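The structure appears below as structure tokens.
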Amino acid sequence: MFLGTVRQWHWISSAICLIGMLLFAVTGITLNHAADIRAEPQVRTVELELSEGLRMALQGREQGPLPLAVRQWLLQQHDIATPARDAEWEADEVYLGMPKPGGDAWLSIELETGRVLFEDTDRGIISYLNDLHKGRNTSTAWRWFIDVFSALCVIFSLSGMWLLVRYARQRPSTWPLVLAGALAPLLILILSAH
């Protein structure tokens, strides 16, 4: 009965984790060789000026997000999506950083003149996948996914270990292979540290 339950945990957790494990394995390689992978960032720069009415909407603020009217105008007129999170308000400027996986974006508005400078950098799909691997500049939902995925990988590994213990007598190479898998990274760390 217990063996059947462990087998179910093992195959269900492996089925759920399959694509995630492939993604994290591939991005582990790309992260390890990031200096060898060339990518040309695509940079989009937009310079524009706010109308008098939109400039007035910015006056007197010291904190909080950009006013809704400004955010809607940027999106509708210039395809610049800005989040409703707090911006950095200074006496003469408001700055909104918009980091994202695989790139970065920011927006600066001079409060007196209404001059807007927007820059959006896209570093490509490999950078995007690498940032997903690290959970860098991702959403709360993605961070929860990584946590749940990691827990399922632990279940997959522990149930696999239990199955190894159960069937090791029928496969004499089991424990030498497990020992090699444990010692190889340890030896590499010890021998390459000096």
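The values are calculated or read from the model by the stated rules, or taken from the named source; none is laboratory data. Given the structure is predicted, the values throughout are model-derived calculations rather than measurements. Note: ideal-geometry Cβ built from the backbone for every residue, glycine included; neighbour counts use all protein chains shown.
Under 6 Å between Cβ atoms, which residue pairs at least 6 apart in sequence (or on different chains) link something in region 161-175 that is in contact (Cβ under 8 Å) with a residue 60 or more places away in the chain with a partner that is hydrophobic (A, V, I, L, M, F, W, C) and surrounded by 10 or more Cβ atoms within 10 Å (Cβ to Cβ)?
Filtered contacts from region 161-175: Trp162/Val6.
What do you reckon, is Ala141 part of a loop (DSSP other than H, G, I, E, B) and free of Cβ contacts under 8 Å to residues at least 24 places away in the same chain?
no
So if I check each of Leu31, Leu23, Leu50, Leu68, which one is assigned by TED's automatic domain parsing to the domain that holds Trp106 and surrounded by 12 or more Cβ atoms within 10 Å (Cβ to Cβ)?
Leu50
If Glu40 satisfies every condition in (1) surrounded by 11 or more Cβ atoms within 10 Å (Cβ to Cβ); (2) more than 19 Å from Thr138 (Cα to Cα) but one, which is the exception?
(1)
Would you pick out the residues in region 89-130 that are in contact (Cβ under 8 Å) with a residue 24 or more places away in the chain and more than 22 Å from Thr45 (Cβ to Cβ)?
Trp89, Ile126, Leu129, Asn130 - these are the residues of region 89-130 that are in contact (Cβ under 8 Å) with a residue 24 or more places away in the chain and more than 22 Å from Thr45 (Cβ to Cβ).
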